[in-house]
Amino acid sequence: MADQASKVEDIIIIGGGPAALAAAVYAARATFAPLMFAGAPYGGQLMLTSDVENYPGFESILGPELIEKMRTHVKKFGTRVLDQNITKVDLSKQPFNVNTHDQTYQSKSIIIATGAKALWLGLPNEERLRGKGVSACATCDGFFFKDKVVAVIGGGDTAMEEALFLTKFAKEVHLIHRRDSFRASKIMQDRLLADPKIKVIWNTEVIDVLGQDRVEGIKIQTTTDKKQQEEMKVDGLFIAIGYKPDTELFKGQIVLDEKGYIVTSAIAALRSAKSQTPLSKEDKFNFEFQFMTSVLGVFAGGDIVDHQYRQAGTAVGMGIAAALEAERWLDLNSL
């Protein structure tokens, strides 16, 4: 490994999507000259998105184009952007250590915005048709399917929410589930089964997506012994089988929830209030900082924290808040 970087940074940002980039703009304008590890490949989920029509200020913009505009913005104000992956972090003492494959960096504070990845089925044509009718976000893409027929894959609360949201636009929604019962909460099941626009297809799985330039249909197969196959015409396919937060680096060092998402002080307080259970003494959150993790001086924002909204706009807001809090933290705790 190369010699340690001698300089101790004020702020290191880990991530390359909207939350990280928004944090970088605010940290840079506050004259902290943040160091940002954007990852390789950089950009997060927006790099897999075609048309974005719900980001304020842009009636329509390609996801990758929006990311490039943000990257240009952060560099203009002095953010140092390295398109490298972090291999290891040490959050046990300050300054914190952040490692790439050949270098160790130190920082007084860290903003984590590594995001979460949608889980895909791995179908033969799934990746080729992403953004062309295949989606993992009804809130992002449902508007494009006005008066269309769409299919949703899944059996949990996320799939229920996606299907119900799509009824605002689509004329018909098929919910395809590989089992004969849902794992979603009863209230969500009741809402879904009562909606006349939604048709449930039980004991069935999607084995391929059909279409050349856009989704034109799907190939489905029963999960029973007969394994019967047929083709079904749909205009869009929404895969709602979950997300995987990118938190492997931080396991055992900060508090994560049962799904692996980072718990910030605001979320810890909300969970405690909902369950009416006091926080344990081991959960050392500083409630003066909403986006601070269980480690003082380490903040988090974006999809790594939020598994409810998962929007570029909400990620940006959280990134900004994390940067403002990091700035205040540094002012109060100069090393």
Check your understanding: Out of (1) part of a helix (DSSP H, G or I); (2) without any contact (Cβ under 8 Å) to a residue 24 or more places away in the chain, what's the single condition that is false for residue 97?
Key -> (1)
**Study point:** Any strands (runs of 3 or more DSSP E) falling wholly within segment 1-94 and containing at least 2 residues that are without any contact (Cβ under 8 Å) to a residue 60 or more places away in the chain and surrounded by fewer than 23 Cβ atoms within 10 Å (Cβ to Cβ)
**Key:** 80-82
Practice item. For segment 217-231, name all the residues that are in contact (Cβ under 8 Å) with a residue 24 or more places away in the chain and within 30 Å of the chain's Cα centre (by Cα). Key: 218, 220
**Study point:** segment 138-147: number of residues that are part of a loop (DSSP other than H, G, I, E, B) and in contact with a strand residue (DSSP E or B) (Cβ under 6 Å, 6 or more places away or on another chain)
**Key:** 0
Revision key, fill the gap. The lone condition residue 238 fails out of (1) assigned to a loop (DSSP other than H, G, I, E, B); (2) under 22 Å from residue 310 (Cβ atoms) is (1)
Exercise for review: Using the structure shown, decide if residue 282 is over 24 Å from residue 48 (Cβ atoms) and either assigned by TED's automatic domain parsing to the domain that holds residue 141 or modelled with pLDDT under 95 (or both).
Suggested key: yes
Practice item. From the list 310, 271, pick out the single residue that is in a loop (DSSP other than H, G, I, E, B) and modelled with pLDDT under 95. Key: 310
Review point. Taking the condition loosely packed, with under 14 Cβ neighbours inside 10 Å and touching a residue at least 12 places away in the same chain (Cβ under 8 Å), does residue 259 pass?
Key: yes
Review point. Residues of segment 275-326 being farther than 29 Å from residue 240 by Cβ, in contact with a strand residue (DSSP E or B) (Cβ under 8 Å, 6 or more places away or on another chain) and either touching a residue at least 60 places away in the same chain (Cβ under 8 Å) or of a type in the set (Phe, Trp, Tyr) (or both), which ones?
Key: 285, 289, 297, 298, 299, 323, 326
**Study point:** Filter pass, residue 266 being surrounded by 12 or more Cβ atoms within 10 Å (Cβ to Cβ), modelled with pLDDT under 95 and more than 30 Å from residue 174 (Cα to Cα)
**Key:** yes
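The values are calculated or read from the model by the stated rules, or taken from the named source; none is laboratory data. Only a predicted model underlies this, so the values are computations on that prediction, with no experimental measurement involved. We place every Cβ from the backbone using ideal geometry, glycine too, and count neighbours over all the protein chains shown.
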